[in-house]
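The values are calculated or read from the model by the stated rules, or taken from the named source; none is laboratory data. Please read these numbers as outputs of a predicted model, since none were measured by experiment. Note: ideal-geometry Cβ built from the backbone for every residue, glycine included; neighbour counts use all protein chains shown. Accessible surface is based on the protein model in full, side chains and every heavy atom, while ligands, DNA and RNA are left aside. Shrake-Rupley method; radii C 1.70, N 1.55, O 1.52, S 1.80 Å.
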Amino acid sequence: MSRTVAIAGVAELPHGKTGWPSTMALHEALVRAALDDAGVPPDTVDVLLTVAPRSDPYLVHAVAVAERLGLSPAHCHSYEAGGAGPVLMLRAAHDLLRAGAGRSAVVVAADLPLTGVSREAYVRNLAQVGPVHPEFEVPFGPTVPAMFALVARAYLDAYRLDDEALAAVARHDRAMAAGHPNAHQRGPMSLPAYRDSRMIAEPLRLLDCAPVSDGGGAVVLVADQPAADRRWPAVHLAGSGAGTTGLHLSFASSLTEFAAGVALEGALQAAGRRRADIDLALIYDCFSIAMLVNLEDMGFAARGHGAGVLQDRAAGAAGRLPVNTHGGLLSHGHPARAGGMSNLVEAVIQLRHAAGDRQVEGCATALVHGMAGVFASHAAALLVREEAA
Amino acid sequence: MRHPTPTTTDETAPFWQGAGEGALVLPRCTGCGRWRWPVASACPGCGAPLHWAPASGLGTVLTFTVVHRAASDALAADVPYVVALVALDEGVRLLSNVVGCAPSEVSAGRRVRVAFEPAEHSGIMVPVFVVCEPAGPTRCAEDGATYVTYHRLEPHER
Ligand SMILES: [Zn+2]
């Protein structure tokens, strides 16, 4: 008899420049807050999954985090899956508990790229150890924004669009972030302000790029939690999927179509649900172009029409397809190796109907999407509110 | 441009040796004849061994970006520079730079040909591209191509 596993706790702290003394201190705070939120005693944690921050030299980061917390979970693993990591860790934790590996599980990802190393050093490090091939790409000086700009140029050329399509994404996310206390960038963004932001790699401007943020989040899953012990309506993982093309853009077979759709199809099939069942989509958008391509790959818009989903605030909390109600990576923040964690946290908060002013009315099914590299690898999870399970 | 030095391996020595001699040398299948990129030990299509052969060096810009914020301090003096994905006439793509012209002269569909520039410190020559004049070389005939083997992968190297 397989067990019932629910997401019972979440935690997130404000993104931005935070001043945490170490990544370990941040991990500890997030895990403790998520366990508190779930009402789960720390000594029931049998699974702990993490993503190692680049600055942390630990052999197995998850084991070091457990040590810091004074815990000895049997299953302690760190994931190397880029921005797809949070979704894949959620799935792994869920499957471990379902298979009887323990009582509760913690998934945590956090990083401090603004604290400790300079923003400049972080951005350059990313160009060297990020999704840029050390032999056949590095000699030509592509930054990570430049890699996404190659896709953006190809996309705008293919569908004869101008920068308004990109601006629609940046402005949508900013409008959403205004309603979230943990978001990094919350000031209003007009189209002229977008166009005044400096060019980074044409056609991408500064406001097409997610900010470098300190931050992260944690999620707690519990197996067979008695209803009386629950603090929140349970949220379940109904299904998940993944899709991968390749790590380097040099070798990509398409410049405008990648594998987000493969990931979503897998999740829909596993969950026995249809695209139309999705009440809220949390899309990985480290750059504005990522939102457009991913929305279209997932079938939420026709090719070249991704921006239409977002314009006129149609995709706000009351829109037809609410998207990134927390502001996305573009405005909620991009905490380096922990990118994508806030998508997961926002889904749980919305499914609890605890999102306040930004609440999606009657939210019962939420899509959480994560992406590694330059559209390289994708993961999608469908989370559902208890009564919809 | 002040190109960062590539992290090379013994496996790709023919590529860099060719570049040092002014030739763009790429893996080609000894079975089906298709050009393959990236480097592998066997053709992902037919499984036959690959060998290194000189390519025409001609291609077309698929997409490009003008970089305003450099990837390194060394490259900061070179902004704005053009990073492009070039579709070679042989059917594979290279990420590279388009040099020798104003960024505004670069567009998707522009014909380009290979040239070589030294990387910083190592002096390793790296393949970059320059725009062809409108009346310049046209697409090379795939079946008319001749090639010589620079380096044949020996069994123990596969
Ligand atoms: Zn072959």
Practice prompt. At a 1.4 Å probe radius, which order do A:Ile349, A:Ile289 fall into by accessible area, largest first?
Written response: A:Ile349, A:Ile289
Practice prompt. In nm, give the distance between the simple-model label positions of A:Glu164 and A:Arg320, each being 7 Å from the Cα along the Cα-to-Cβ direction.
Written response: 1.8
Worksheet entry | Karplus 3J(HN,Hα) series, Hz, for the range A:40-54 with 6.51 cos²θ - 1.76 cosθ + 1.60 (x for Gly, Pro) | 10, x, x, 6, 8, 6, 10, 9, 9, 10, 9, 10, 6, x, 4
Practice prompt. Round to the nearest 10 and give me the degree value, 0 to 90, for the angle of helix A:288-297's Cα axis relative to the longest principal axis of chain A.
Written response: 70
Item to complete: Note down the nm distance, to one decimal, between modelled labels 7 Å out along Cα→Cβ at A:Asp36 and at A:Glu361.
Response: 3.5
Worksheet item: Along the range A:61-74, what does the Karplus equation 6.51 cos²θ - 1.76 cosθ + 1.60 (θ = phi - 60°) give for ³J(HN,Hα), rounded to whole Hz, x for Gly and Pro?
Response: 4, 4, 5, 5, 5, 4, 4, 4, 7, x, 10, 10, x, 5
Item to complete: With a Förster radius of 35 Å, plug the Cβ-Cβ distance of B:Ala13 and A:Val60 into 1/(1 + (r/R0)^6) and report the FRET value to the nearest 0.05.
Response: 0.45
Response to the item:
Phi angles of the range B:62-79, converted by Karplus (6.51 cos²θ - 1.76 cosθ + 1.60, θ = phi - 60°) into ³J(HN,Hα) in whole Hz with x for Gly and Pro, give 8, 7, 8, 9, 9, 8, 9, 10, 5, 7, 7, 4, 4, 7, 4, 6, 9, 5
Fill in: Where labels lie 7 Å past Cα in the beta-carbon direction, separation of A:Ala74 and B:Ala108 in nm
5.3
Practice prompt. Would you mind pulling out the separation of the Cα centroids of the range A:224-298 and the range A:78-106, in Å?
Written response: 16
Discussion item. What does the charge count around A:Cys76 come to, taking other residues whose C-beta lies under 11 Å from its C-beta (Lys +1, Arg +1, Asp -1, Glu -1)?
Written reply: -2
Worksheet, complete the sentence: In Å, the Kirkwood hydrodynamic radius from C-alpha pairs for the range B:8-55 sits at 10.7
Practice prompt. Kindly sort A:Arg205, A:Arg198, A:Arg160, A:Arg32 by accessible area of their heavy atoms, largest first, with the probe set to 1.4 Å.
Written response: A:Arg160, A:Arg198, A:Arg32, A:Arg205
Worksheet item: What is the range A:171-321's relative contact order, in percent, from Cα pairs under 8 angstrom and six or more apart in sequence?
Response: 18
Worksheet item: So how much slack lies between B:Ala74 and B:Glu133, counting 0.36 nm per residue of separation and subtracting their Cα-Cα distance, in nm?
Response: 18.2 nm
Discussion item. Tell me the mean residue ellipticity at 222 nm calculated for the protein assembly as shown from its helices only (DSSP H runs of n ≥ 4, each -39500 (n - 2.57), averaged over every residue, nearest 500).
Written reply: -7500 deg cm²/dmol
Response to the item:
Computed from the beta carbon distance with a Förster radius of 30 Å, FRET efficiency for A:Ala29 and A:Ala228 to the nearest 0.05 stands at 0.60
Worksheet item: When the chain is fully extended, how far beyond the present Cα-Cα distance does B:Glu117 get from B:Ala40, taking 0.36 nm per residue of separation?
Response: 25.2 nm
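If I stretch the segment between A:Ser190 and A:Phe251 completely, what's the gain in nm (0.36 nm per residue apart, minus their alpha carbon distance), one decimal?
18.3 nm
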